[in-house]
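The values are calculated or read from the model by the stated rules, or taken from the named source; none is laboratory data. The shown structure was predicted, so the numbers you read here are calculated from the model rather than taken from an experiment. Positions of Cβ are backbone-derived with ideal geometry, glycine not excepted, and every protein chain shown enters the neighbour counts. Only protein heavy atoms, including side chains, enter the accessible area calculation; ligands, DNA and RNA are left aside. Shrake-Rupley method; radii C 1.70, N 1.55, O 1.52, S 1.80 Å.
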Number of protein chains: 2
Amino acid sequence: MAFHKREQFTAAEQEIAVIAKALGHPARVAILQLLAQRQSCVCGELVMELPISQSTVSQHLKELKAAGLVQGEVDGPRVCYCIDRAGWDRARQLLGNLLAELPLPAAGCAC
Amino acid sequence: MAFHKREQFTAAEQEIAVIAKALGHPARVAILQLLAQRQSCVCGELVMELPISQSTVSQHLKELKAAGLVQGEVDGPRVCYCIDRAGWDRARQLLGNLLAELPLPAAGCAC
DNA sequence: TTCGTTTATCGTCGATTAACGATGATAAAT
DNA sequence: ATTTATCATCGTTAATCGACGATAAACGAA
């Protein structure tokens, strides 16, 4: 069906999914790494470092902002982007908790 | 354009993106949590716990397998799914490293 | 062999995504 | 008042996703 059933899952599951989805494209991973390395970046610098067009970078930044992972400050004609530290911490907490669940060797099967 | 440019990013960026994308849907997060809790599950049990149809669960399991996060063992007519521990560890390592990059308060801007 | 159970796959649909170029908006600089 | 630089947004195209029902395949049991 066309209707997404996301709303039938728990808030935590949805929050994790939103963050993970934002990390689910190599361009966005690359953008986050650049931002983390340099602490901040104007959009133009990102475009120069990436193999995609300015409008596409802008789109990806928009999605990262929507997921709460990135902030943008207007600074004259340019925009300075940085990691959103609150969102970043939240991501670390949620994904960390999920992946910390240590699956023991399976019980009934040979896995 | 229609051409995806994923291949123009580094292998690490793509690997992170593949894993994150697999985590980017609440149903798949829920499935992984169920598997981690119980160590293993037949598909039918998952279907009963989830608000989506059997075919959709099967699809999600296929994607989780493709991302290396889940394994399936055929056991007679049923299939026993478990967390793929190698993939799980890899995910923890890659996402952990990414999120461990501690962005310091930004330099040039007010973020 | 045939039946019931379980899972995978197929076909379909609407929605979303990724990407681009072109255009628009804003602010500094001339 | 123009120009220039920078970034966002719009419109478009094609691919992918999410979901379902229906069907097929695999297996154990009768």
Can you find a residue that is of a type in the set (A, V, I, L, M, F, W, C), within 18 Å of B:LEU102 (Cβ to Cβ) and open to solvent by less than 30 Å² (accessible area, probe 1.4 Å) anywhere in the stretch A:84-92?
yes
Identify the single condition in (1) near DNA strand D (Cβ under 9 Å from one of its atoms); (2) assigned to a helix (DSSP H, G or I); (3) not charged (D, E, K, R) that B:ILE52 does not satisfy, given that it satisfies every other one.
(2)
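Being more than 9 Å from chain A (Cβ to nearest Cβ) and more than 21 Å from A:CYS109 (Cβ to Cβ) is true for just one of B:HIS60, B:HIS4, B:HIS25. Which residue is that? Steps first, answer last, please.
On the way: B:HIS60 fails: more than 21 Å from A:CYS109 (Cβ to Cβ); B:HIS25 fails: more than 9 Å from chain A (Cβ to nearest Cβ).
Residue meeting the stated conditions: B:HIS4.
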Give the number of residues within the stretch A:95-111 that are without any contact (Cβ under 8 Å) to a residue 40 or more places away in the chain and assigned to a helix (DSSP H, G or I).
4
Note down all Cβ pairs under 7 Å where the first residue falls in the stretch A:47-63 and is farther than 16 Å from A:CYS82 by Cβ, the second is within 6 Å of DNA strand C (Cβ to nearest atom), and they're at least six residues apart or on different chains.
A:LEU50/A:ALA27; A:PRO51/B:LYS5; A:ILE52/A:ALA27; A:ILE52/B:LYS5
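Before we move on, is B:THR10 more than 10 Å from DNA strand C (Cβ to nearest atom) and open to solvent by 40 Å² or more (accessible area, probe 1.4 Å)? Working first, answer last.
Values: more than 10 Å from DNA strand C (Cβ to nearest atom): yes; open to solvent by 40 Å² or more (accessible area, probe 1.4 Å): yes.
Criteria met by B:THR10.
Select, from A:ARG38, A:ARG92, A:ARG85, the only residue that is touching a helix residue (DSSP H, G or I) at 6+ places or on another chain (Cβ under 7 Å) and free of Cβ contacts under 8 Å to residues at least 40 places away in the same chain.
Values: A:ARG38 fails: touching a helix residue (DSSP H, G or I) at 6+ places or on another chain (Cβ under 7 Å); A:ARG85 fails: touching a helix residue (DSSP H, G or I) at 6+ places or on another chain (Cβ under 7 Å).
Just a single option satisfies the conditions, and that option is A:ARG92.
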Does the stretch B:67-83 contain any residue that is open to solvent by 70 Å² or more (accessible area, probe 1.4 Å) and in a helix (DSSP H, G or I)?
no
Residue satisfying all of: in the stretch B:40-57; at the interface with chain A (Cβ under 7 Å from one of its Cβ atoms) and either open to solvent by 50 Å² or more (accessible area, probe 1.4 Å) or within 14 Å of DNA strand C (Cβ to nearest atom) (or both); nearest to the chain's Cα centre (by Cα) among these
B:SER40
Residues that are open to solvent by less than 40 Å² (accessible area, probe 1.4 Å) and either at pLDDT below 90 or under 30 Å from B:ARG78 (Cβ atoms) (or both), drawn from the stretch A:93-110:
A:LEU98, A:LEU99, A:PRO103, A:ALA106, A:CYS109
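Mind listing whichever residues of the stretch A:42-88 are touching a Ser or Thr at 6+ places or on another chain (Cβ under 9 Å) and hydrophobic (A, V, I, L, M, F, W, C)? Spell out how you get there, then give the answer.
Step one: list which residues in the stretch A:42-88 are touching a Ser or Thr at 6+ places or on another chain (Cβ under 9 Å), which gives A:43, A:47, A:50, A:73, A:80-83.
A:CYS43, A:VAL47, A:LEU50, A:CYS80, A:CYS82, A:ILE83 - these are the residues of the stretch A:42-88 that are touching a Ser or Thr at 6+ places or on another chain (Cβ under 9 Å) and hydrophobic (A, V, I, L, M, F, W, C).
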Go over the candidates A:GLN37, A:GLN14 one by one and state the one that is at pLDDT below 95 and either in a helix (DSSP H, G or I) or within 21 Å of B:ALA20 (Cα to Cα) (or both).
A:GLN37
